[in-house]
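**Student:** So that we are looking at the same thing, I have put the structure below in structure tokens.
Derivation of every value follows stated rules applied to the coordinates shown; laboratory data play no part. Fair warning: this is a prediction, and the values are worked out from it, not measured in the lab. All Cβ positions, even for glycine, are placed from backbone atoms using ideal geometry, and neighbour counts span all protein chains on display.
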Amino acid sequence: MPSVAAVIGNILQLKLILSFEDGLVLLKKKVRTFTKAKNYLNSLLEEQLSKYPIKEVAIVHCNNEKEAINWQLQLQNQFPTVHFIIYPFSSAIGVHAGEGTTGLSWIFEE
């Protein structure tokens, strides 16, 4: 049986923005709706690109390839100098994150 928090999060369309920093998973932000999550990540990528060289960005997804492709087209128009690739999440991540999970991943050099 799902937890109360999970049920409420689902009803509110709550999306968690996570970051991997220094080997830790950090909660960056909670937003309502996938569109707001995408907009936040697009802004975060734009901010990071202004500070650091980022050559490649992965659009990661869990059984949500159609949305990943749509996002890739949008990002390529917004950031023409960056190479975008699409990667499916592994099954282990999919079990924890849930089907439909989609996100961005990049590494920058300081």
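**Student:** Residue 84: net charge of surrounding residues, Cβ under 12 Å, Lys/Arg +1, Asp/Glu -1, itself excluded?
**Tutor:** Summing Lys/Arg as +1 and Asp/Glu as -1 gives 0.
**Student:** Now for a separate question. Could you list 15, 51, 28 in order of exposure, starting from the residue whose Cβ has the fewest other Cβ atoms within 10 Å?
**Tutor:** Ordered by Cβ neighbours within 10 Å, fewest first: 51, 28, 15.
**Student:** Using a cut-off of 17 Å between alpha-carbon atoms, which lysines can reach residue 36, once sequence neighbours fewer than 8 places away in the same chain are excluded?
**Tutor:** Cross-link targets: 15, 28.
**Student:** Past the 16 angstrom mark, what percentage of all C-alpha to C-alpha distances in segment 34-106 do you count?
**Tutor:** Counting pairs separated by more than 16 Å, the tail of P(r) holds 46 percent.
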